[in-house]
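Working notes for the structure below.
None of the figures in this text is laboratory data; all of them are computed from the coordinates on show. As the structure is a computational prediction, the values presented were derived from the model and not from experiment. No Cβ is skipped: glycine too gets one built from the backbone with ideal geometry, and neighbour counts run over all protein chains shown.
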Amino acid sequence: MSKRSSSKRSSAPDVGRRNFLKGASIAGAAALTAPAAANTAISGVSEPRPKATVPGAKLAAADAMPPPADPVNQTSSGGDFMVDVLKSLDIDYLAMNCASSFRGLHEAVINHGGNTKPEIITCPHEEIAVHMGQGYAKMEGKPLAMICHGVVGLQHASMAMYNAWCDRVPVIVMGGNIMEADKRAPGAEWPHSAIDPAALTRDFVKWDDQPASLQHFAESAVRAYKIATTPPMAPVMLSLDAELQENPIENRDLLRIPKFSSVIPPQGDEAALAQLAKMLVEAENPVIICDRVARTPAAMPRLVELAETLQCAVIDNYGRMNFPSRHPLNQSFRRSIISQADVIVAMEVNELWGSLSDFHDRIVRTSSPNYKKTAKIVTLGTRDLYMKANYQDLGRYQDVDLDIAGDAEASLPTLIEQVKRLTDEGRKSAFEARGKKLAAAKLATIAQAKSDATIGWDSSPITTARLCVELYNQIKDEDWSLVGTSIRLAWPHKLWNFDKPYQWNGVAGGGGIGYTLPSSLGAALANKRHGRLTVAIGGDGDFMFVPGTLWTAAHHRIPLLYIVHNNRAYHQEYMYLQAMAARHGRGITNTDIGTTLKDPFIDYATLAKGFGVYGEGPISDPNTLGPALKRAIAMVKGGQPALLDVVMDQR
């Protein structure tokens, strides 16, 4: 039984050449005289596609009939019960690429469950399905589920699972399997099954199980959801036996769906938080570094309250939407202030050593601390509460003076209260003076960024700065959400006013290529119900890993403006190769080999149209960029996905 079942073929009725030409002539005339469809008023939108011909009665009946050997009187299945369990967990979507090993659950979702909670999201690749879950969870605050086919589907899904693991994002991964060897059909079911499918991904899931009964499934599904959504969050996996999904339920009355109750995230130790508060209040130049603090919309105002109480600098590593970008205390682009800090507090920072060190990898790799030897370093977060050995996403070991284990968001109210209690009038006066200096520096940083953004304004390729300015000018009065950017594209955070929790959702986590497009679509799926305008800017190399995501966007009508940052290269690697060639004195003439996307150039707009998505480009004239953005935004506001192919400079 193969993953992709072959479609049935039938002989179509003969059509005479004369009748065919006659029909074509009538259709052609109608096309010339009929008014254009409403959405063709905007250039680049294709005509509505004709509906598929309804099959004849015999063919329709044949397709609806089960295979002769199958029973036709089975009233329920294990899959039905599994769907009831998923509904109890408030799972809105089940992303999948259809396959035989989970046909039982698939059928139950659409017929027993009515294709609601969960609703199936059809994806042309398992990596797309998981990455959609990653983007969705970061935006909606809860996971969706995905299911993949045996070991082959799981291998496709594994890259996205690793990104979600490194990003500490919950995704409920399920996989079909046939556990009992004597039940496997000859052929594909053997190489697609395993004794322990989750062994493939066990190093980068938080928990997994292979239920042996329906009651086992119910308890494991609830446990999996609880484990995935308890900080530190991460993907989990359940391997589902095909017979368990498909066979009748022997005694439904004996099955019980456990009650789900979420874990209240743990606060840091109160005495330790009091010690930290004392250090912060007494510090001359405290600095807060935050990365993945925001789990819920409550995190940002709490962090703002702490920073304003202390009038201290905040550096945001942008793992989540932690702190308003235009806030006077946001010093994210003045990282040199770390060298002046006497107390550094790292909250949910993924890789602290990297934030506190200057690293150089030219000729000989060297590094040095960027903080004073006398500075006190404190960590607050859940990073150290759950780790694994094999994959090294933890970063280099960093010396700290106080390590507080606890969820930073949950710990902030207690920390704020302790700080306020210790702050007398004298300290308030000192804090205010410090805050005024930081505010003045912030204004200077914004002014410099605006000035820098004008460099090469009329150049072609279009500068990334101009793209970001033009885009923001058109969306700033909308309820917008930026859900992805190409590598190291910092202009939005320098120039835009991010002040709502959903206006940014972080980066890939593991740095795996193929993240931005599908995760942005997952975030757009979450934003759809809230009516937000979702935008993303993704690299061309990243896009090429998962272009089929666009079909999912069109099929499910998920509004997303996706701008391809088309620099026609894997540009980071292009720069690294140039550095290697220069190091050896060999010149950089040949460094485009294996690093560029040219000969031929890729037409991303045509690709988008082929998938049923509005597409325009390649846009290389900066004067045409604004009007193109306006047209694309109009499409997205109308409920459709749109893609712009913009030929831009490298960064």
**OP:** Hey, can you grab everything whose amide H is under 5 Å from the amide H of Val343? Only 5+ residues off in sequence or another chain; H modelled, so Pro and N-termini drop out.
**Re:** Asn285, Val287, Lys376
Subject >> Neighbour count of at most 14 Cβ within 10 Å plus DSSP loop: longest GluC sites (Glu not before Pro)-free window in the chain >> reply: 285-477
**OP:** May I have the pair-distance distribution P(r) for the chain, computed from all Cα-Cα distances with 20 Å bins from 0 and rounded to whole percent?
**Re:** 17, 46, 31, 6, 0
**OP:** Would you list, by chain and number, the aspartates and glutamates whose Cα falls below 20 Å from the Cα of Lys206, excluding same-chain residues fewer than 8 positions away?
**Re:** Glu126, Glu127, Asp167, Asp196, Glu219, Glu348, Glu351, Asp384, Asp393, Asp407
Subject >> Computed FRET value (nearest 0.05) for Arg335 with Leu422, which takes r as the C-beta separation and R₀ as 41 Å >> reply: 0.90
**OP:** Give the relative contact order (percent, whole number) for segment 81-235; include only Cα pairs under 8 Å separated by 6+ residues.
**Re:** 24
**OP:** Sort out for me the Cα centre separation of segment 400-441 from segment 544-585, rounded to whole Å.
**Re:** 41
Subject >> Of Lys436/Lys476; Lys528/Lys637; Lys500/Lys637; Lys138/Lys500; Lys278/Lys436, pairs whose Cα-Cα distance is over 18 Å >> reply: Lys436/Lys476; Lys500/Lys637; Lys278/Lys436
Original post:
Say R0 is 25 Å: what FRET efficiency, to the nearest 0.05, do Phe260 and Thr116 get from their beta-carbon distance?
Top reply: 0.85
Original post:
Where both partners of a DSSP beta bridge lie in segment 272-366, what percent of those bridges are antiparallel, to the nearest 5?
Top reply: 10
**OP:** Rank the residues Phe601, Phe217 as a footprinting-exposure proxy: fewest other Cβ atoms within 10 Å of their Cβ go first.
**Re:** Phe601, Phe217
Original post:
So what are the ³J(HN,Hα) numbers for segment 540-553, from phi and the Karplus equation (6.51, -1.76, 1.60; θ = phi - 60°), rounded to whole Hz, Gly and Pro as x?
Top reply: 5, x, 4, 4, 5, 6, 9, x, x, 3, 4, 5, 4, 4
Subject >> Per-residue Cβ neighbour rank within 10 angstrom, fewest leading, Val646, Val205 >> reply: Val205, Val646
Subject >> Fraction of antiparallel bridges per DSSP, the chain only, in percent to nearest 5 >> reply: 10
**OP:** Express in nm, to one decimal, how much length is gained between Ala212 and Asn247 on full extension, taking 0.36 nm for each residue of separation and deducting their alpha carbon distance.
**Re:** 11.3 nm
**OP:** Report the extension gain between Ser451 and Tyr397 in nm, rounded to one decimal, defined as 0.36 nm multiplied by the number of residues separating them, less their alpha carbon distance.
**Re:** 15.6 nm
Original post:
With the contact rule set at Cα under 8 Å and sequence spacing of 6 or more, what percent relative contact order holds for the chain?
Top reply: 13
Subject >> Cα pair distances of segment 144-248 binned at 10 Å [whole percent] >> reply: 16, 49, 28, 6, 0
Original post:
Using the Cα atoms of segment 454-647 to build a convex hull, what is its mean projected area in square nanometres?
Top reply: 11.4
Original post:
So how do Leu412, Leu550 line up by other beta-carbon neighbours within 10 Å, fewest first?
Top reply: Leu412, Leu550
Original post:
For segment 541-651, what relative contact order do you get, as a whole percent, if you take Cα pairs closer than 8 Å and at least 6 residues apart?
Top reply: 39
